[in-house]
Amino acid sequence: MEPQRSPLLEVRGNIELKRPLVKAPSRLPLPGTRFKRGPDQMEDALEPEKKRTRGLDTVTKIATSQSRAPALTARTQTQNQITAPKVPKKTGPRCSTAIATVLKNQKSGPAVPAQKPGAAAPPMVGGRKPTKRPAWDLKGQLCDLNAELKCCRERTQTLAQENQQLQDQLREAQQQAKARGAECRTLEGELARVQAQAEQGQQELGSLRARVLELEEQQCTQEGLLRELQKEQLELQEERRGLAARLEEQERRLQASEAALSGSQAEVASLRQEATSQAALLVEQGERLHGLEMERRRLHNQLQELKGNIRVFCRVRPVLPGEPTPPPGYLLFPSGPGGPADLPTRLSVSRCDERRGTLSGAPAPATRHDFSFDRVFPPGSGQDEVFEEIAMLVQSALDGYPVCIFAYGQTGSGKTFTMEGGPGRDPQVEGLIPRALRHLFSVAQELGGQGWTYSFVASYVEIYNETVRDLLATGPRKGQGGECEIRRAGPGSEELTVTNARYVPVSCEKEVEALLHLAHQNRAVARTSQNERSSRSHSVFQLQISGEHTGRGLQCGASLNLVDLAGSERLDPSLALGPGERERLRETQAINSSLSTLGLVIMALSNKESHIPYRNSKLTYLLQNSLGGSAKMLMFVNISPLEENVSESLNSLRFASKVNQCVIGTAQANRK
Ligand code: ADP
Ligand code: MG
């Protein structure tokens with residue numbers, strides 16, 4: 001038979017069950033977690049006891065438990081004593097309530113049925129378990145019950161003491177709980193503060209994280225930048241190395257250059273010394289050169305004088321295509337006194353006198369007419385060859401001697417060809433005017449090196465029927481040629497000038513070329529109104545030359561005159577004179593008059609007459625200053641190669657021979 005368990009035992013068991021719940025919280029429990037479970041567990045623990053105490057075995061159980069009660073009590077006390085200090089300080093009000101409930105159950109003990117007084121418990125025989133009293137032994141049972149009641153009362157007393165202790169413990173626990181509550185509130189406040197701090201910390205952490213992210217981004221960017229900078233640094237290092245190498249090279253070169261420079265400086269110093277001595281030498285040479293130049297001019301002039309201040313050159317033009325070939329021997333060019341090597345100076349014209357031949361009935365022998373000049377140019381002579389002979393004479397104009405060059409001869413004999421040149425722009429056929437000017441410009445430039453400065457002014461007029469017309473006219477006067485007059489440049493001045501004529505400064509060939517072209521155009525315009533006027537007029541190209549040597553205060557001035565004379569042919573008086581012929585006769589007379597005046601002036605000059613008839617013609621008047629004693633003259637007598645022109649050719653040659661016999665006194669340079 002299983003011993004009955006006492007309800008007190010059950011209570012103690014409950015307490016034992018409860019104790020861990022009370023004891024447990026060395027960890028601070030979250031409010032409400034443990035205390036929710038407590039009452040239920042206590043309920044569950046108490047409930048079966050209640051049921052059991054109401055059962056039929058209640059009496060038996062109590063009896064059984066009596067023998068064990070003191071031991072159990074002692075144990076409970078011990079346990080309480082042991083566990084009491086372990087009661088957690090922070091046991092909340094609910095814990096206290098649970099303990100109170102247990103104690104109440106113990107006190108009230110309604111589940112424990114009261115033993116009948118007098119019901120004696122079956123006695124223990126020899127330590128053996130008392131046997132169950134028979135149902136009829138009511139007295140024994142009562143006796144047992146009384147014994148048990150007594151036991152219970154003792155037990156109750158013990159429990160009351162125990163209860164008192166527990167109450168004390170409970171109070172203590174409550175006080176502790178109260179303290180714990182206060183502590184808990186403090187801690188809760190602290191917790192709240194800590195939580196607030198934690199929240200703040202979280203916020204700070206969030207902002208710090210954002211900042212960290214930002215910094216990380218910045219770091220990334222800076223790392224990229226750093227990489228770029230490193231790359232750049234590498235490149236720069238490379239460049240620096242290259243530059244260093246170049247610098248080294250440059251330094252080497254510089255050293256070499258410095259060495260060369262010091263050598264050069266020494267050289268420069270010696271060169272400077274040399275230059276100084278050279279400059280002194282140069283001054284000396286300049287002086288000498290000037291002396292030589294003066295000497296050259298003097299000798300040049302002497303030579304020109306020896307050649308004669310009036311020279312005559314004869315030029316025979318070639319037979320043109322379509323013209324009859326002259327008979328052999330018609331024109332002969334006997335070699336000079338020194339033999340064939342000498343330049344030709346003689347010309348021989350053979351003329352058959354038909355009338356004489358007719359009278360005798362037999363062909364008359366040809367009459368030879370010999371002429372001698374300073375120079376004779378046969379038909380094959382080129383323009384350059386002709387110019388070579390006059391170049392020195394032209395140069396005299398730069399030295400201050402007036403120079404006059406005439407082209408005399410019948411129309412078509414080659415006067416214009418000689419003075420201006422042939423048709424077209426062939427340099428081979430360039431005439432004396434462009435060649436003379438080019439030569440003057442070139443010599444003037446050379447003399448510039450010796451301190452001379454020259455300026456040139458050109459004019460170009462024609463004299464037709466004793467009227468002067470400007471061939472350089474432009475604009476409305478072009479081709480018409482306004483009335484021009486020859487006047488003195490100023491009161492008391494020896495210099496003559498043509499009014500209404502253009503005087504154009506020239507300094508290069510191109511400008512001269514343009515002037516000749518303009519003159520040619522002006523003549524062409526005039527030709528439409530007056531046929532062949534050019535051959536009936538004199539063309540006078542004048543170049544006024546002014547030279548100055550500022551260093552020595554020297555000045556010189558002279559004019560170069562290049563004159564294309566009108567045709568020298570004479571009108572046959574036996575021919576019948578129609579109205580047009582009369583006009584032509586008048587022109588011819590004017591021409592002949594001016595040409596004969598020219599001859600007369602030359603004769604008078606040669607004969608050193610007191611009166612020189614310059615004013616008898618416009619031509620001589622215009623050329624007055626270039627025909628005097630200080631002037632140098634050259635006359636080209638142009639001859640046609642054709643036999644049919646023999647009469648005119650002989651007339652021209654006779655006129656030229658007369659001029660050639662003239663000797664004009666020693667020329668004086670126009671020095672100021
Ligand atoms: P002028 O002026 O005396 O009337 P030109 O100079 O007009 O004579 O010449 C008449 C023609 O003869 C022109 O066709 C010219 O080209 C030509 N002529 C003149 N002289 C020469 C020469 N030395 N060589 C070639 N042709 C010439
Ligand atoms: Mg002509």
### For L472: the one exception among (1) among the hydrophobic types (A, V, I, L, M, F, W, C); (2) within 15 Å of ligand 1 (Cβ to nearest atom); (3) free of Cβ contacts under 8 Å to residues at least 60 places away in the same chain
(2)
### Query
With respect to the numbered conditions (1) of a type outside the set (A, V, I, L, M, F, W, C); (2) surrounded by 12 or more Cβ atoms within 10 Å (Cβ to Cβ); (3) away from ligand 1 (no atom under 16 Å from the Cβ); (4) within 30 Å of Q410 (Cα to Cα), which one is the sole condition not fulfilled by P326?
(3)
### Message
Suppose we keep only residues that are outside any helix (DSSP H, G or I) and touching a strand residue (DSSP E or B) at 6+ places or on another chain (Cβ under 7 Å) within segment 426-438. Which one would you say is nearest to ligand 2 (Cβ to nearest atom)?
### Response
G431
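So which of F387, F441 is part of a helix (DSSP H, G or I), touching a residue at least 24 places away in the same chain (Cβ under 8 Å) and more than 30 Å from G286 (Cβ to Cβ)? Quick ask: steps written out before the conclusion?
Details: F441 fails: more than 30 Å from G286 (Cβ to Cβ).
Exactly one of F387, F441 is part of a helix (DSSP H, G or I), touching a residue at least 24 places away in the same chain (Cβ under 8 Å) and more than 30 Å from G286 (Cβ to Cβ), namely F387.
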#### Entry: Condition check for G412: crowded, with 16+ Cβ neighbours inside 10 Å and away from ligand 1 (no atom under 16 Å from the Cβ)
no
## Note on the structure
When G580 is run through (1) away from ligand 1 (no atom under 16 Å from the Cβ); (2) at pLDDT 90 or above, the failure sits at (2)
### Boolean, C484 is surrounded by 19 or more Cβ atoms within 10 Å (Cβ to Cβ) and modelled with pLDDT under 95
yes
### Query
How many residues are free of Cβ contacts under 8 Å to residues at least 24 places away in the same chain and not acidic (D, E) if we restrict to segment 133-166?
14
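Restrict the check to segment 490-497 and report whether at least one residue is touching a residue at least 60 places away in the same chain (Cβ under 8 Å), within 48 Å of the chain's Cα centre (by Cα), more than 16 Å from ligand 2 (Cβ to nearest atom) and surrounded by fewer than 21 Cβ atoms within 10 Å (Cβ to Cβ). It would help to see each step written out before you state the result.
So in segment 490-497, the residues touching a residue at least 60 places away in the same chain (Cβ under 8 Å) come out as 494-496.
Pick out the ones that are also within 48 Å of the chain's Cα centre (by Cα) and you get none.
Checking segment 490-497: not a single residue is touching a residue at least 60 places away in the same chain (Cβ under 8 Å), within 48 Å of the chain's Cα centre (by Cα), more than 16 Å from ligand 2 (Cβ to nearest atom) and surrounded by fewer than 21 Cβ atoms within 10 Å (Cβ to Cβ).
Can you tell me which residue within segment 284-318, out of those that are at pLDDT 85 or above and among the aliphatic types (A, V, I, L, M), is surrounded by the fewest Cβ atoms within 10 Å (Cβ to Cβ)?
Of the residues in segment 284-318, the ones at pLDDT 85 or above are 310-318.
This time we only want the ones that are among the aliphatic types (A, V, I, L, M), so: 310, 312, 316.
Working: I310: 22, V312: 27, V316: 24.
Looking at residues that are at pLDDT 85 or above and among the aliphatic types (A, V, I, L, M), I get I310.
Only one residue in G421, G448 is without any contact (Cβ under 8 Å) to a residue 60 or more places away in the chain and within 15 Å of A519 (Cα to Cα), so which one is that?
G421
Residues are listed down the side, and each one gets a yes or a no for (1) away from ligand 2 (no atom under 16 Å from the Cβ); (2) in contact with a Phe, Trp or Tyr (Cβ under 9 Å, 6 or more places away or on another chain); (3) in a loop (DSSP other than H, G, I, E, B):
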position	(1), (2), (3)
G380	yes, no, yes
C404	yes, no, no
S413	no, no, yes
T416	no, no, no
G424	yes, no, yes
T453	yes, no, no
A458	yes, yes, no
### Query
Would you say E446 is modelled with pLDDT under 95, closer than 29 Å to N500 by Cβ, more than 16 Å from ligand 2 (Cβ to nearest atom) and not polar (S, T, N, Q)?
no
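Please verify whether P365 is farther than 30 Å from R297 by Cβ, away from ligand 1 (no atom under 14 Å from the Cβ) and assigned to a loop (DSSP other than H, G, I, E, B), treating the condition exactly as stated.
Numbers: farther than 30 Å from R297 by Cβ: yes; away from ligand 1 (no atom under 14 Å from the Cβ): yes; assigned to a loop (DSSP other than H, G, I, E, B): yes.
When the stated conditions are applied, P365 passes them.
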### Task
Spot the failing condition for A519; the list is (1) at pLDDT 90 or above; (2) over 58 Å from the mean Cα position of the chain (by Cα); (3) within 16 Å of ligand 2 (Cβ to nearest atom), and only one is missed.
(2)
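Only one residue in Y401, Y454 is away from ligand 1 (no atom under 16 Å from the Cβ), buried (at least 23 other Cβ atoms within 10 Å of the Cβ) and either of a type outside the set (V, I, T) or over 23 Å from G380 (Cα atoms) (or both), so which one is that?
On the way: Y454 fails: buried (at least 23 other Cβ atoms within 10 Å of the Cβ).
Answer to the check: Y401.
The values are calculated or read from the model by the stated rules, or taken from the named source; none is laboratory data. All of these numbers come straight from a predicted model, not from anything done at the bench. Reconstructed Cβ throughout: ideal geometry from the backbone, glycine too, with neighbour counts over all protein chains shown.
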